[in-house]
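A.B. asks: Here it is, the structure in full.
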Amino acid sequence: MSTATDTVPASGAYEPGSHPDLAPPPGTTGPIRWMKDNLFSSPLSTVLTLISVYIVYTVVTSAGSWLVLDAVISADSREACQAIDSGACWAVIVSRFNLSIYGFYPDAERWRLNLAFILLFVALGPILFDNFPARKHMMKFSMAYPVIAYFLVVGGMGLEPVSTHLFGGVMLTLVIGLTGITCSLPIGILLALGRYSKLPVMRMVCTMFIEFIRGVPLIALLFVASVMLNYFLPPGVEFDLLFRVLIMVTFFASAYMAEVIRGGLQSMPKGQFEAADAMGLTYWQAMRLIILPQALKVSIPGIVNTFIGLYKDTTLVLIIGLLDVLGIMRSSLADPKWNGLAHEVYLYTAIFFFISCFAMSRYSLYLERKLHTGHKR
Amino acid sequence: MNEQAATKDISDEIAVQINGMHKWYGDFHVLKDINLTVNAGERLVICGPSGSGKSTLIRCINRLEEHQQGDIIVDGIELTDDLKHIDAVRREVGMCFQHFNLFPHLSVLENCTLAPIWVRKTPKKEAEETAMEFLEKVKIPDQANKFPGQLSGGQQQRVAIARSLCMKPRIMLFDEPTSALDPEMISEVLDVMIDLAETGMTMLCVTHEMGFARKVAHRVIFMDQGEIIEQNEPEEFFHNPQSDRTKLFLSQILDH
């Protein structure tokens, strides 16, 4: 018997109906086969593969030497950096690191931000992962977290009050981003339901709100927040600038969120509404138990997209004089000592935003996989 | 002999009463002067060509569709704009749809317990026991923890029937329950419906399954262009149709 018949039996070797499942013939699966199929399938693709490998090699080695090998980590100024080596001058980041994280928050109170940051993960855990230990009890903490975080960050309840003028850097980005994200989802859901509602007045109000907010650039809304809002309020009433910015950012994100969720609502088959109605569920029960869980699931990519957009849009507060992480790092470019280090500074900010946004994006993929319940009809 | 056995379980109590009911979709007059009385325990099969308004008629009974003129009284409650009346009627009327309309994000068991828990305020454990009982009756207790998307069409429709029964309804509406099924699955659903008929449930079925109509119906109603053209006992209806339209319809669905 030849070796070929050992793996692939001749036709008719088995009785009809008794053919077992066999392993595929050798050489049709595995990494070598993959390379053959994808990288070296023809002379042209072999040439292209080799050229690409060369390009990647040059980019990685030159970037690597600028980023890492020739880089300087500690120095007092740009000149000092250049005197030591020719690569990136990370010393600017090192010397400004605390500023970029905490802004102008008083040194003595920074432990409060650290604590709030650590507690943030404790609070997010049970919300994001349903296999979190003691999830039900931890959920109560998650609900209380915004209040706890408020007092930790702003002060009060025996903690030294810290003026919001001193907020800046990563902490300001997180305050605006996270507040916007947590508030815009519920408001967006209500707006979407309102716009989808059968009540004409409700529908009109929600539609007008959404269209107005969506039709105006965020920067314009921020200017309204910083300059004009006080004219509209009765004299003597004054809101903190940061608070006004938070409201505007939340409104802006809510309008987008509402449209994303409305898309999800519209993708729901009519039969789901009818089945819920036929069972005697009330409107809110039907929405909460049947419609929204499914509509939100379809909307996850759009929702996360809006979250990421909102998170990055927080950098616009620079325009009205709030220094978020980008703003505060840009300000160091104006420092004569570090003048001209734009590459390092912007790269650092880019990496910060990339890590946060990439994490959100991966989480949304995880969530989509987890919520997949067989084929939807 | 079939009739005698059948007429015995019909009571004098009126389950559904429809008087002079009209319905329009915009300008289109879908239902014209419908008068219909269904007694408790009676089983009705409604048939007719597509677009004749038969689905719309039974959907008016639990107010999935609104009627513009005439009265509909279900289980003693008149259907008006009053949400309380509508909710009260919907609690007592179960419905099965052509496309099942199971909730894809909930397991089979959760599909069955949802309404009893939220509408009837039944404790979860009791609702689950009832649900298992009915899943047993439709012969799929072993699928209780699967999601609807993992079941075949016939199984999904049986779950949908069990889901309606979990509310312990007094009236069951079936809107073409077998029309979306592959041929080999139709009989498993019809068997479940026949079992249900034997329990004395008041049933209104829109269906083209004439074998089913012969077997369980007390009365067959033929509709065309929004009107009830003819109604009769199954034997009479099939063997001695009165109007030409009925004859034409029957020849189209029976002769092949």
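A.B. asks: Report in % the part of the accessible area of the stretch A:1-105 that belongs to carbon and sulfur, leaving out ligands and nucleic acids; probe 1.4 Å.
C.D. replies: 66 percent
A.B. asks: Further question on the same structure: Per residue, how big is the convex hull around the C-alpha atoms of the stretch A:224-335? Give it to me in cubic angstrom, could you?
C.D. replies: Considering the Cα atoms of the stretch A:224-335, their hull volume per residue is 136 Å³.
A.B. asks: Just to verify a number: what accessible area does A:I219 come out at with the full protein assembly present, 1.4 Å probe, Å² rounded to tens?
C.D. replies: Near enough 60 Å² of accessible area.
A.B. asks: Could you give the angle, 0 to 90 degrees to the nearest 10, between helix B:183-198's Cα long axis and the longest principal axis of the Cα atoms of chain B?
C.D. replies: Here the helix axis deviates by roughly 90 degrees.
A.B. asks: Would you mind telling me the share, in percent, of accessible area of the stretch A:209-326 contributed by carbon and sulfur at probe 1.4 angstrom?
C.D. replies: Solvent-exposed carbon and sulfur of the stretch A:209-326 make up 69 percent of the total.
A.B. asks: Which whole-number value in Å³ per residue fits the convex hull of the alpha carbons of the stretch B:66-142?
C.D. replies: Taking the convex hull of the Cα positions in the stretch B:66-142, it is 137 Å³ per residue.
A.B. asks: Now a separate question. Mind listing which chymotrypsin sites (Phe, Trp or Tyr not before Pro) in the stretch A:236-342 are in a DSSP loop and have 15 or fewer other Cβ atoms within 10 Å?
C.D. replies: Here the chymotrypsin sites (Phe, Trp or Tyr not before Pro) that fit, given the DSSP loop and packing criteria, are A:F239.
A.B. asks: At 15 Å minimum axial length over the Cα atoms and a Kyte-Doolittle cut of 0.0, report the qualifying DSSP H helices in chain A, or say none.
C.D. replies: A:43-64, A:91-102, A:110-128, A:135-154, A:169-195, A:200-214, A:241-266, A:292-313, A:342-370
A.B. asks: Jot down the radius of gyration and Dmax of the protein assembly as shown, Cα atoms only, both in angstrom.
C.D. replies: Expressed in Å, the Cα Rg and Dmax of the protein assembly as shown come to 34.2, 110.
A.B. asks: Quick one: order A:W90, B:W24 from most to least accessible surface, probe 1.4 Å.
C.D. replies: Ranked from most to least accessible, the order is B:W24, A:W90.
A.B. asks: From the protein chains alone at 1.4 Å, what is the descending order of accessible area for A:S52, A:S86, B:S52, largest first?
C.D. replies: Largest accessible area first, the residues go A:S86, A:S52, B:S52.
A.B. asks: Once the Cα atoms of the stretch A:64-158 are picked out, what are the Rg and Dmax in Å?
C.D. replies: Taking only Cα atoms of the stretch A:64-158, I get Rg and Dmax of 20.1, 58 Å.
A.B. asks: Ok, one more. Among rounded, prolate and oblate, which fits the stretch A:1-142 when a ≥ b ≥ c are the square roots of the eigenvalues of its C-alpha gyration tensor, a/c under 1.5 means rounded, and a/b larger than b/c means prolate?
C.D. replies: Cα axes put the stretch A:1-142 in the oblate bin.
A.B. asks: Stokes-Einstein D for the stretch B:24-65 at 4 °C, 1.567 mPa s, Kirkwood Rh over Cα pairs, in µm²/s?
C.D. replies: 111 µm²/s
A.B. asks: Extent of the stretch A:147-189 along each principal axis, from alpha carbon coordinates, in Å, largest to smallest?
C.D. replies: Computed over the Cα atoms, the extents are 37, 23, 12 Å.
A.B. asks: So what is Rg over Rh here for the stretch A:157-234, counting just Cα atoms and using Kirkwood for Rh?
C.D. replies: Radius of gyration over Kirkwood radius for the stretch A:157-234 works out to 1.08.
A.B. asks: Let me ask you something else. Heavy-atom accessible area of B:K168 with all protein chains present, probe 1.4 Å, nearest 10 Å²?
C.D. replies: Its heavy atoms expose roughly 120 Å² to the probe.
A.B. asks: On a 0 to 90 degree scale, rounded to 10, what angle separates helix B:153-165 from the longest Cα axis of chain B?
C.D. replies: Rounded to the nearest ten degrees, it is 90.
A.B. asks: Next question. Of A:C206, A:L67, A:S356, which is farthest towards the positive pole of chain A's charge dipole, taken about the Cα centre with +1 and -1 on the beta-carbons of Lys, Arg and Asp, Glu respectively?
C.D. replies: About the Cα centre, the residue reaching furthest to the positive side is A:C206.
A.B. asks: Could you give the dipole magnitude of the protein assembly as shown about its Cα centre, charging the beta-carbon of Lys and Arg +1 and that of Asp and Glu -1, in debye to the nearest 20?
C.D. replies: So the dipole magnitude of the protein assembly as shown works out to roughly 1780 debye.
A.B. asks: For the stretch B:188-239, with all protein chains present and a 1.4 Å probe, just round the carbon and sulfur fraction of the accessible area to a whole percent.
C.D. replies: On the stretch B:188-239, the fraction of accessible area on carbon and sulfur atoms equals 40 percent.
A.B. asks: What does the average come to when, for each residue of peptide A:269-277, you count the partner chain Cβ atoms lying within 10 Å of its Cβ?
C.D. replies: Mean shielding count: 6.
A.B. asks: Under the rule a/c < 1.5 gives rounded, and otherwise a/b versus b/c splits prolate from oblate, where does chain A land using the Cα gyration tensor?
C.D. replies: oblate
A.B. asks: For peptide B:105-117, how many partner chain Cβ atoms fall within 10 Å of a residue's Cβ, on average?
C.D. replies: 3
A.B. asks: I've got another one for you. If you average 1/r over all unlike Cα pairs in the stretch B:110-256 and invert the result, what Kirkwood radius do you get in angstrom?
C.D. replies: It works out to 16.9 Å.
A.B. asks: For the stretch B:1-155, what number results from the quotient of the Cα radius of gyration and 2.2 N^0.38 Å?
C.D. replies: My calculation over the Cα atoms of the stretch B:1-155 gives 1.21.
A.B. asks: Determine, at each q value in 0.16, 0.22, 0.25 (inverse angstroms), the log₁₀ of I(q)/I(0) that the Debye formula gives when each Cα of the stretch B:108-149 is one equal point scatterer.
C.D. replies: -0.36, -0.65, -0.80
A.B. asks: Report, in debye and to the nearest 20, how large the dipole of the stretch B:61-133 comes out about its Cα centre when Lys and Arg carry +1 and Asp and Glu carry -1 on their Cβ.
C.D. replies: 300 debye
A.B. asks: Can you give me the Rg/Rh ratio for the stretch A:28-79, using Cα atoms for both radii and the Kirkwood formula for Rh?
C.D. replies: Rounded to two decimals, Rg over Rh is 1.34.
A.B. asks: Taking the dipole about the Cα centre of the protein assembly as shown, with the C-beta of Lys and Arg at +1 and of Asp and Glu at -1, give me whichever of B:S55, B:P141, A:I32 is farthest to the positive side.
C.D. replies: The Cα lying farthest towards the positive end belongs to A:I32.
A.B. asks: Another one. How do B:L79, A:L241 rank by accessible surface area computed with a 1.4 Å probe, from largest to smallest?
C.D. replies: A:L241, B:L79
A.B. asks: Find, to one decimal place in angstroms, the Kirkwood hydrodynamic radius of the stretch A:200-263, where the mean of 1/r is taken over every pair of different Cα atoms and then inverted.
C.D. replies: Taking the inverse mean of 1/r over all distinct Cα pairs, the stretch A:200-263 comes out at 12.8 Å.
A.B. asks: On to the next question. Rounded to the nearest 20 Debye, what is the dipole magnitude of chain A about its Cα centre when Lys and Arg each give +1 and Asp and Glu each give -1 at the C-beta?
C.D. replies: 1120 debye
A.B. asks: Measure nothing fancy, just the Cα-based angle from helix B:83-92's long axis to the longest principal axis of chain B, in degrees from 0 to 90, nearest 10.
C.D. replies: 80 degrees
A.B. asks: The stretch B:174-256: D in µm²/s via Stokes-Einstein (Kirkwood Rh, Cα pairs, 37 °C, 0.692 mPa s)?
C.D. replies: 240 µm²/s
A.B. asks: Mind giving me the nanometre distance, one decimal, between the label points for A:F212 and A:F132, set 7 Å out from Cα along Cα→Cβ?
C.D. replies: 3.6 nm
A.B. asks: Please state the shape class of the stretch A:302-352: rounded when a/c is under 1.5, otherwise prolate if a/b exceeds b/c and oblate if not, all from the C-alpha gyration tensor.
C.D. replies: Judged from the Cα gyration tensor, the stretch A:302-352 comes out oblate (a/c at least 1.5, b/c at or above a/b).
A.B. asks: Moving on. Using the heavy atoms of the protein chains alone and a 1.4 angstrom probe, what is the accessible area of the protein assembly as shown per residue in square angstrom?
C.D. replies: Solvent-accessible surface per residue comes out at 52 Å².
The values are calculated or read from the model by the stated rules, or taken from the named source; none is laboratory data. Values in this document were obtained by computation on a predicted structure and should not be read as measured data. All Cβ positions, even for glycine, are placed from backbone atoms using ideal geometry, and neighbour counts span all protein chains on display. All accessible areas refer to the heavy atoms of the entire protein, side chains included, with ligands and DNA or RNA removed. Shrake-Rupley method; radii C 1.70, N 1.55, O 1.52, S 1.80 Å.
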